[in-house]
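The values are calculated or read from the model by the stated rules, or taken from the named source; none is laboratory data. Predicted model, so just to flag it, every value in this text is computed and none were measured. Cβ placement follows ideal geometry from the backbone for every residue including glycine, while neighbour counts extend to all protein chains displayed. Areas reflect the complete protein model, heavy atoms only, side chains present, ligands, DNA and RNA absent. Shrake-Rupley method; radii C 1.70, N 1.55, O 1.52, S 1.80 Å.
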Amino acid sequence: SPLHVFQGMFPVSFVQVKEVIIEKRGDEEVVLSAEMPLVKEVTTTLREWGSIWKQLFVANKEARVKQVQRLMWELMEWRSQLLSGTLPSDEFKELKQKVTSKIDYGNKILELDQVVRDDDGNILDPERANVISLFRAHEEATAKINERIKEEQSNIQTDHSGISARIQSSPTHSLYVFVRNFVCRIGEDSELFMSLYDPNKQTIISENYLVRWGSKGFPKEIDILHSIFDLGNKDLSREKIYLICQIVRVGRMDLKEANNKKFTQGLRRPFGVAVMDISDIIKGKIECDEEKQYFIPFFPYVLVVAENDFLHTLLNKVTTSRGDSGGQGLWVTMKALVGDIVQIRKEYPHLVDRSTVVARKLGFPEIIMPGDVRNDIYLTLQGGDFDKYNKTTQKNVEVIMWVCDEEGKNSICLGAGDKAVSEYRSVIYYQVKQPRWMETFKVFPLEEMHRIHLRFMFRHRSSQESKDKSEKNFAMAFVRLMKDDGTVLQDGLHELVVFKGDSKRMEDVNSYLSLPSTRNHHSDPHKMSTLSRSSSSVSGGGGGLSVSSRDSFTISTLVCSTKLTQNVGLLGLLKWRTRPELLKENLEKLKIIDGEEVVKFLQDTLDALFNIMMEHSQTDDYDILVFDALIHIIGLIADRKFQHFNTVLEAYIKQHFSATLAYKKLMSVLKRYLDVSSRGEQCEPILRTLKALEYIFKFIVRSLLCSYLYSLPFVPTECRDVLLPLMLRELSGALVTMADGPHDERKNSLELLNNILEVLSRNNVGDTFQHIQDIVVSLLRVINQTVITMGREHALISRVVACMTAILSQMDDRHYSTYIETFSGTTDLVDFLMESFLLFKDLIGKHVYPSDWMAMIMVQNRVFLRAINTYADTMKEKFLNNDDFEVQLWNNYFHLAVAFITQESLQLQHFSPTKRNKILAKYGDMRRLIGFAIRDIWYKLGSHKICFIPGMVGPILEMTLIPEEELRRATIPIFFDMITCEHARFGNFSKFENEIILKLDHEVEGGGGDERYMQLLETAFHTWLWSSHFVSLVKGLLIRLLDYRTVMSDDSRNNRMSCTVNLLNFYKDINREAMYIRYLYKLRDLHLECENYTEAAYTLLLHSRLLKWSDDMCSQFEFHGSQTQRQLKETLYDTIIDYFDKGKMWEEAITLCKELAEQYENEIFDYELLSKRLFYENIMKILRPKPDYFAVGYYGQGYPPFLRNKVFIHRGKEYERREDFQNQLMSQFPSAVRLNTTTMPGDDIKNSPLQYIQCFTVQPVLEIPPRLKNKPVPDQIINFYKSNYVQRFHYSRPVRKGPVDPNNEFASMWIERTTFTTVYKLPGILRWFEATDMKHTTLSPLENAIETMESTNEKILTMINQYQSDWSLPINPLSMLLNGIVDPAVMGGFAKYEKAFFTEEYTQHHQEDREKLVRLKDLIAWQIPLLGGGISLHGKRVTEDLRPFHERMEECFKQLKKKVEKEYGVREDNPPESPISWSSATLPRSSGSVSIGEEGSMMTVGDAEVKMRKSKKKKKRSSMIFITEERERTSTLECKRVRISDDG
């Protein structure tokens, strides 16, 4: 119902209806937003930048985040303005330019693709632009963006000379000045004349910028307080530049006079000057903030100089004086800007707008662009000398000037920013005979310049109003602006003739205009003789005026005009219509005119030349003269002196040239010259013509375009028929020698070819088929070979490739087929196709364009794709049959096609959604097209397929790994076809199997493949193959490779090592030795990064075990060059021994040294090497800290499969605490939850989607090597085995069972013990291994007591051994251990055992523990001789200050000994100071008894019997452990037997 139409889930205020445009593309309708294209571009750009901005924030790139944020804010603001629709057209155009510039700059710094635009700033559509235009647009865009980046950088950092890079490179500069305030006590109106001044040359270099200041202290016009001073590069080279401000007050003659009607008002009087050195600001040495204000102090005129000078003396004195201005002066803001006024308005719109005053430089800029029309004449009142005649004092002379003509009104400007006036009045100097005004103002020349003259009236001004009114003009002078020959007044000084007479007659033009105006020695001699007489009147109709010989007046002029020349010859050419009879003479004279004058009037001169050509279209009288003149001008601009005018000429051709029929004349003369030259006849202008050929053709092309635009007869075909063959012949030769000729000539040849191709690509130039065919036949193969031979770093390579791409893009099917038929034989065609395929593959693999030229790269891909498919059709037609089959050609095709499909620029999955959608919309997915083509061709190869197995396995695999579902489904079946083909031929497919394993490893590690690919591959192989072994092999490899690739980018080195081990074990299992070795070295490198030298050694040891001590050569995959196995194994052993040495695994190093020694002694007889690397002393003398071991459980489904719900035993580093290890572990899994329990978690944890980590310390279980059993072993040796070569680990948890006695916790203290068994011993090729077996046992309180006593006795023995072997150890640890046992408060640590176990009640209830009770009593008894030995040793080492402590400890020991011996018997028959030996480990327990031998003592420690011998050294004692063969284990606990021997 209608009601429901307006109902919805969102409020109306939240929904905005937008207009759309519906476009039909085939059968589909595409809905597009109706917003203007630029707004849509800004929206898309903001979205793309927004996602990148977040990534930058996460990556903590603070500076870039702020920069992008600023850019985005600006774009959002400008987008609102664009959408508002309220901007005037000129402002809208400026805003559009700013937006596009900002987008392009942002894309560049964010490394996004470059956007190319048309002249209106809209994105250039590659579909509608030819290749050459697109290439040029990219070049221009790159140049603009690079310039912009330079500007940004120059704002931050200046170069060594202090001038920013951008300022150095730009020919035009500006100084922005904003007058903030003028503080001065005047009380009258004032005029502030600001200008730039060169103090060294004492000249003003810019016109004045005039600000009128009111008597109340405020500006009269607030809108014109900001101005731009125009500068050039030459101005920056001046040593010093000052900003000067001359202040002229307008009012009374003297400020002391009363301000009333009695005194004359409106007199312009000098008041003072303000000066500031701005050299550093202009040259970019000082970066100016737009808000920073500079104070320029003011110096009054009367206080500094005498009243006979105004400017130079005052300036010189002010710059040297450092007096106080009293706070009076000028406050201004300044900023140096780069570029001309047009650039500045675009780039600094917040500073410079339409109201900003522009003060031009006095003179021309280095480059005068077309359209930069300037028509100014600057006149400076230099000075005068006026006699006082009948007055008693000198005159107060005022000069009044008019531009005299019937319309000579409002044509004088005192300064930029001021309105034009009809008369000029000078400053008045009070009673000065020789005033020097030095005032410069501007005169606007009118159209009828020859009728204009300037008239100067001189008048005495009085301070009294009444007297002043009666004063009349006492003299006059005049000057014409244009001379009789039509040229404008020459620059420089002009001394004018001063006339006297009646004031009315002086205003009458007829009374003086026929008289000479200047005292110029080059004037008419008759007039000069007349002026030299001192007569009172002038003869020849002077009208009553007389020359005043006692007065003089000097002016200077400067013409800055692109319309008025001071050269007679150039004027004759520019005004050729007035004297057509002199036209030939003037055209010939052009060659001798000063080049500077010609380039100054470049546009007018070119306009004149083409006008002459056009107005004489029916005759060829002037064609050659005009052509030669044009060649002269082009050659002039090629001169280094004027080379910066190249841009002017380019701009003229593009924007101002419009001679529609000029192409006919130009080509006619050009053809005439070429014909003469081709006949071998002398043609003097031909060399200059060829050098100017680039611009000649640009004029021709532009003329043709203009001709078409104006609907004039257009006959391009006949022109091309004449010119193209000649051009192609020349271009062919130029391309062949492209790498040899001068750079400019090569560039010009390419530009010519580019221009030809660009013209032929247009739709409105008639039939171009044959012309394109001519180009293809003449140049295609030549240009292909040129690209092949040119280096990729060649400056012109991108242009040549663009030409080649343009030719291919303009070829249609007929061109291709016709060109193929031009080849004379099969060999020649094959060579061409091979060349093309190799060239395409090279260009695809390494683009000649910058990576951000996305549009250019994609267009090139589209052109190449069409060419590849077309060539493939040719190959199917000509080279697929058995007799004609070309294996290498087809092989090159397949490799090219795969290179095309896998190139980075087509991998859409790597791009942002915005870029991906753009590419799909414009070009589609080109990978699918060529992928299906590869599939189709493969199945057409028939019996020839075997030629490409296994060579094509890798490329096809690379193609199938592309994450595009349809492409994968279409191409994976090729594998089955390969298997079938090989099996049919050889009965197996081992080549395919080996190759796919090798290539899978390489491709997946490089980023190819995913879970979905594995599923597709498995499904496909299960469907087609009968070999389940092969399917499981490929699947297993893929699983491990994907795990490996996933963790390679991970911060966790442990994960990387685990996956590497998984892979190398897999390759070992399937007998792929090369791959196995490859991953061994990857694992070695990972270990070295972590300084895991022991593990690195074990890793390399695996490689060495694959080698024999033989002189057989190593296999190719050993990648160690041409070595024998013996050489490689010896090299490996040296490296491994070095690693073991660094890891303090000297036992392993010794084993390898022995094996090497066997080789040196018995095989290669190198006895010198036998003495190397003996590590026994290290074992005995260097302390090796025992590493701790940690059990780590990874629980939960959040872990990768190789970790999930598994327990690993980790070997810690030296002195690494569990807390540190655990923190480091948690940092690798920041989202994991730490489990604080040590029990195995339940299924709820294991099946959770989260990650849980469990970490606790475990104890290694000593495994005595068989070679040490039944032998005396030093303690240093046995200690090594306590933490090395271990595979079983214990973790014990105390638990309470039964009734708890609060006074004796040992009675109910049970121990739950978990034994972990790892898959390999530690240390090994990893610092951790998985615990594959876990057993749980329980120890009773009695067994716990026995184990505790064994541990205590072991500690005592270990410490005694340490102190015997090293007398430098501090005594405190030994003191604390012994005292803790013998102190009555502790009672030997076993008093609670006695209460808990040595009772009748316990014996009756635990009959099965009798042997264990005996064992415990035996351990308590044997503690006494150990304590005795320790206290004896302590007595020898104790210092005098601790002697009382020792004596008390001895007393306690006596009591303890007495009690124990009474209860448990005596276990000693030798003095207590004898050396002592004890077991170094907790060993399995068995029964035993004490026995005393003849030669020494023997004690049984678990399964080991320890034999004691007397030490040979007096001070250092060492214990030797004698380890017997392992006995049969029983369930009973074994006693230890110890006998203490005499030290001798």
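Restricting to segment 1004-1045, name every residue that is surrounded by fewer than 16 Cβ atoms within 10 Å (Cβ to Cβ), modelled with pLDDT of 80 or more and β-branched (Val, Ile, Thr).
Result: Thr1019, single match.
Which of the residues spanning segment 768-794 are farther than 17 Å from Ile132 by Cα, out of contact with any Leu (no Cβ under 7 Å at 6 or more places or on another chain) and among the hydrophobic types (A, V, I, L, M, F, W, C)?
Once the filter is applied, which keeps residues that are farther than 17 Å from Ile132 by Cα, out of contact with any Leu (no Cβ under 7 Å at 6 or more places or on another chain) and among the hydrophobic types (A, V, I, L, M, F, W, C), segment 768-794 yields Phe769, Val777, Met790.
Of all residues in segment 187-207, which are over 26 Å from Lys220 (Cα atoms) and not in a loop (DSSP other than H, G, I, E, B)?
Correct list: Asp198, Thr203.
Just checking, how many residues over segment 934-962 are open to solvent by 60 Å² or more (accessible area, probe 1.4 Å) and not in a helix (DSSP H, G or I)?
Counting residues in segment 934-962 that are open to solvent by 60 Å² or more (accessible area, probe 1.4 Å) and not in a helix (DSSP H, G or I) gives 0.
For segment 453-502, which residues satisfy the criterion of being modelled with pLDDT under 85 and open to solvent by less than 50 Å² (accessible area, probe 1.4 Å)?
Leu481, Met482, Gly486, Thr487, Val488, Leu489
When you go through Ala659, Ala629 one by one, which is the residue that is in a helix (DSSP H, G or I) and either at pLDDT 75 or above or open to solvent by less than 40 Å² (accessible area, probe 1.4 Å) (or both)?
Ala629
Please state which one of Lys234, Lys240 is surrounded by fewer than 18 Cβ atoms within 10 Å (Cβ to Cβ), touching a Ser or Thr at 6+ places or on another chain (Cβ under 7 Å) and not acidic (Asp, Glu).
Exactly one of Lys234, Lys240 is surrounded by fewer than 18 Cβ atoms within 10 Å (Cβ to Cβ), touching a Ser or Thr at 6+ places or on another chain (Cβ under 7 Å) and not acidic (Asp, Glu), namely Lys240.
I'd like to verify a number: residues in segment 1145-1171 that are open to solvent by less than 60 Å² (accessible area, probe 1.4 Å), at pLDDT below 90 and part of a loop (DSSP other than H, G, I, E, B), how many?
Final tally of qualifying residues: 1.
What single numbered condition from (1) of a type outside the set (S, T, N, Q); (2) in a helix (DSSP H, G or I); (3) touching a Leu at 6+ places or on another chain (Cβ under 9 Å); (4) surrounded by 14 or more Cβ atoms within 10 Å (Cβ to Cβ) fails to hold for Met76?
Exception for Met76: condition (4).
Looking at Thr1352, Thr1358, Thr1338 in this structure, which one is in contact (Cβ under 8 Å) with a residue 12 or more places away in the chain and either in contact with a strand residue (DSSP E or B) (Cβ under 8 Å, 6 or more places away or on another chain) or open to solvent by less than 20 Å² (accessible area, probe 1.4 Å) (or both)?
Residue meeting the stated conditions: Thr1338.
Of all residues in segment 789-817 being under 19 Å from Arg862 (Cβ atoms) and not in a helix (DSSP H, G or I), which is least open to solvent (accessible area, probe 1.4 Å)?
Met811
Kindly indicate the residue of segment 1210-1266 that is over 47 Å from the mean Cα position of the chain (by Cα) and charged (D, E, K, R) and also least open to solvent (accessible area, probe 1.4 Å) among those meeting that condition.
This residue is Glu1263.
Those residues that are among the charged types (D, E, K, R), open to solvent by 60 Å² or more (accessible area, probe 1.4 Å) and within 25 Å of Lys1186 (Cβ to Cβ), I need them from segment 1302-1329; list them, please.
Selection gives Glu1312, Lys1321.
Quick check on my filter: what residues within segment 1073-1116 are in a helix (DSSP H, G or I) and of a type in the set (Ser, Thr, Tyr)?
Tyr1076, Tyr1079, Tyr1081, Tyr1093, Thr1094, Tyr1098, Thr1099, Ser1104
Please work out if Glu290 is in a loop (DSSP other than H, G, I, E, B), surrounded by fewer than 14 Cβ atoms within 10 Å (Cβ to Cβ), among the acidic types (Asp, Glu) and in contact (Cβ under 8 Å) with a residue 40 or more places away in the chain.
Criteria met by Glu290.
Name the residue, out of Ile1245, Ile1277, that is part of a helix (DSSP H, G or I), among the aliphatic types (A, V, I, L, M) and modelled with pLDDT under 90.
Ile1277 is the lone residue from the list that is part of a helix (DSSP H, G or I), among the aliphatic types (A, V, I, L, M) and modelled with pLDDT under 90.
Could you tell me whether Tyr1093 is open to solvent by less than 40 Å² (accessible area, probe 1.4 Å) and over 24 Å from Glu1158 (Cα atoms)?
Answer is no for this residue.
Please verify whether Arg1296 is open to solvent by 60 Å² or more (accessible area, probe 1.4 Å) and over 57 Å from the mean Cα position of the chain (by Cα), treating the condition exactly as stated.
So Arg1296 passes the test.
Does Leu225 count as in contact with a Leu (Cβ under 7 Å, 6 or more places away or on another chain), of a type in the set (A, V, I, L, M) and either open to solvent by less than 50 Å² (accessible area, probe 1.4 Å) or within 21 Å of Asp198 (Cβ to Cβ) (or both)?
Here the answer is no, as Leu225 does not meet what is asked.
Residue check, Thr1131 against (1) open to solvent by less than 20 Å² (accessible area, probe 1.4 Å); (2) among the β-branched types (Val, Ile, Thr); (3) more than 21 Å from Ile1278 (Cα to Cα), all met but one. Which one?
(1)
Tell me, please, whether a residue that is assigned to a loop (DSSP other than H, G, I, E, B), at pLDDT 80 or above and open to solvent by 30 Å² or more (accessible area, probe 1.4 Å) can be found in segment 136-152.
No, every residue in segment 136-152 fails to be assigned to a loop (DSSP other than H, G, I, E, B), at pLDDT 80 or above and open to solvent by 30 Å² or more (accessible area, probe 1.4 Å).
In segment 844-862, what count of residues is obtained for those that are outside any loop (DSSP other than H, G, I, E, B), open to solvent by 20 Å² or more (accessible area, probe 1.4 Å) and farther than 13 Å from Val116 by Cα?
2
Which of the residues belonging to segment 887-924 are open to solvent by 30 Å² or more (accessible area, probe 1.4 Å), touching a residue at least 12 places away in the same chain (Cβ under 8 Å) and not hydroxyl-bearing (Ser, Thr, Tyr)?
Val887, Gln888, Asn891, His895, Gln909, Lys915, Leu920, Lys922
Please go through segment 1-29 and give me each residue that is surrounded by 10 or more Cβ atoms within 10 Å (Cβ to Cβ) and either among the polar types (S, T, N, Q) or modelled with pLDDT under 70 (or both), ordered by number.
Gly8
All but one of (1) over 30 Å from Met1180 (Cα atoms); (2) aliphatic (A, V, I, L, M); (3) in a loop (DSSP other than H, G, I, E, B) hold for Leu1369; which doesn't?
(1)
Looking at Glu94 and the list (1) at pLDDT below 85; (2) open to solvent by 40 Å² or more (accessible area, probe 1.4 Å); (3) part of a loop (DSSP other than H, G, I, E, B); (4) closer than 21 Å to Arg148 by Cα, which single condition is not satisfied?
Unmet condition: (3).
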